[in-house]
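The values are calculated or read from the model by the stated rules, or taken from the named source; none is laboratory data. Everything numeric here is computed off the predicted structure, so don't read it as measured data. Here the Cβ positions follow ideal geometry from the backbone for every residue, glycine too, while neighbour counts run over all protein chains shown. Side chains are part of the model used for accessible areas, which takes the heavy atoms of the whole protein and leaves out ligands, DNA and RNA. Shrake-Rupley method; radii C 1.70, N 1.55, O 1.52, S 1.80 Å.
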Amino acid sequence: MKTVLLASCLFISATIFAQTPCNNGMAGEYPCGGYNLMSEVTLGDMNSSGANDSWGWTDSLDGQEYAIICLEEGTAFVNITDPVNPIYLGKLLGEGAPSVWRDAKTYNDHVFIVSESPGHGMQVFDLTKLRGVTSPQTFVRDAYYTGFGNAHNIVINEDSGYAYAVGTDTYSGGPHFVNIQNPTQPSGASGYAGGGYSHDAQVVTYNGPDTQYVGKEIYIGSNETEVVIVDVTNKSNPIPIDTFGYFNTAYTHQAWLTEDHEFLLLCDEIDELDFGFNSRTVVFNMTDLDNGTLNFTYSGPTPATDHNGYVVGDSYYLANYTAGLREVDLSQVSNFSMSEIGFFDTHPSNDTAGFAGAWNVYPYFPSRNILISDRSRGMILVKSTNDLGIDDVEVDSEVSLAPNPGSEIITIKRSSSAINTVSIADALGKIVYTENVPSSNEVQINVSTLQNGIYFVSVNEGEGNAHKFIKQ
């Protein structure tokens, strides 16, 4: 039996690609359940004093993925195509004074950025300029819209090519419509003041159960004390559809439809503080858009304040401030039931109600990596332990690894036939080690040079087997 040392010449690159696995409820310093830490880019890395909102962009040309991190002084861009080795590309500084509130959304390879900073307007930046950038830059906007000054948020309906700035100094704080079909020539297209101030919103081309509105452009505003539904198909003639509230209203902050447009999931940002609830999601039945009705409420496992939530399939991904990212199963929402199925807590010190921790999450990358923007930590990238980037892994029951988890020497045994080759892949499927070994039923591998993380060990190339191994 021979011990094989992983020599540096055997690695594909000088950097070992690995993540910090969620093991026994922790990923490094972070409490976790079902999520591994892929990487972090700190506020220090971005030369910033605070982060807030976030969004993402996937380049249609080559599939590369980018994180868009809203900071107090501007907007940062990070290439996360290799999620365990992110590249900070630099930032676009904001207009005017720094602000705790900045928001960005994407359309047609451009990002549209607003802020509460007085007179900020809307910046437009061509994201294709990020292609090929490998070191930090100071970017310059490509267009600038001044039809409003400050804005709390911006939403975009990519189907129609319209942006909706909300909480602006126009239209009583209601949605300010901007035609962005030509991204670098944004033009104002009226607005809607009838519902008053909107803190946040979602706009969809409706395709739900209410046949009266199928194909219409529907605005769903979270308007501090109530939800406002408006048909905004005709920008010069918005038509109010419905307004509705709920019990124990503190601050109607943000709401998101399920993918079938049948239910609306609402976050009230202040109710945990005012009423002592655990994190509460208020669920409305939207089968009849003219008559949204309270269906039930879901209570999370902590008293942390809920902030922004988004839906992908049967999962609801919630930025839960001090409780971090929470993934909630929606498969039984029609039966008045939701349940938490995963989490990653970016604020380990506590889960109390308040405004520290995870401001936003972005769950829409094709890679299924999930972006978290944390107010005091910056960018944190995580991925479900059920989605490690290795498809159709077959386990050879005749092969065993021990110890597992391990830190230095692991022993690989095969009961029926000899081991001739050993290879190790990281969680992205990249081979980080391969070696021909003396033919034997047992071989020892020194893995001390690997970074902590999840790997897959295979024996005898071509036999299609792999065994998950955790280096710690």
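Quick notes
- Accessible solvent surface per residue of the chain, calculated while the other protein chains remain in place, 1.4 angstrom probe, Å²: 37 Å²
- Relative contact order for the chain: 14 percent, from Cα pairs under 8 Å spaced at least 6 residues apart, divided by residue count.
- Dipole magnitude of region 222-371 about its Cα centre (Cβ charges: Lys, Arg +1; Asp, Glu -1), debye to nearest 20: 340 debye
- Scalar couplings 3J(HN,Hα) for region 136-141, obtained by applying the Karplus form with A = 6.51, B = -1.76, C = 1.60 to θ = phi - 60°, are x, 10, 9, 8, 10, 4 Hz; x denotes Gly and Pro.
- Cα-Cα pairs of region 297-434 separated by more than 19 Å (percent): 62 percent
- Relative to the Cα centre, the charge distribution of the chain, modelled as +1 at Lys and Arg Cβ and -1 at Asp and Glu Cβ, gives a dipole magnitude of about 1180 debye.
- Contour excess over end-to-end distance, with Cα ends at Ile239 and Asp288 and 0.36 nm allotted per residue: 16.1 nm
- For region 49-200, alpha-carbon Rg and Dmax in angstrom: 14.9, 48
- Counting protein heavy atoms only, region 62-164 has 46 percent of its accessible area on carbon and sulfur, 1.4 angstrom probe.
- Gyration tensor over alpha-carbon atoms, region 170-277, equivalent ellipsoid semi-axes in Å: 25, 18, 12
- Distance violations [Cα-Cα > 29 Å] among Lys91/Lys468; Lys91/Lys383; Lys413/Lys471: Lys91/Lys468
- Approximating the spin labels as points 7 Å out from Cα along Cα→Cβ, the Thr138-to-Glu158 distance works out to 3.2 nm.
- Net length available on complete extension from Leu93 to Asp126 is 10.4 nm, with 0.36 nm assigned per residue and the Cα-Cα distance removed.
- Computed across region 22-121, the Kirkwood hydrodynamic radius from all distinct Cα-Cα pairs reaches 14.8 Å.
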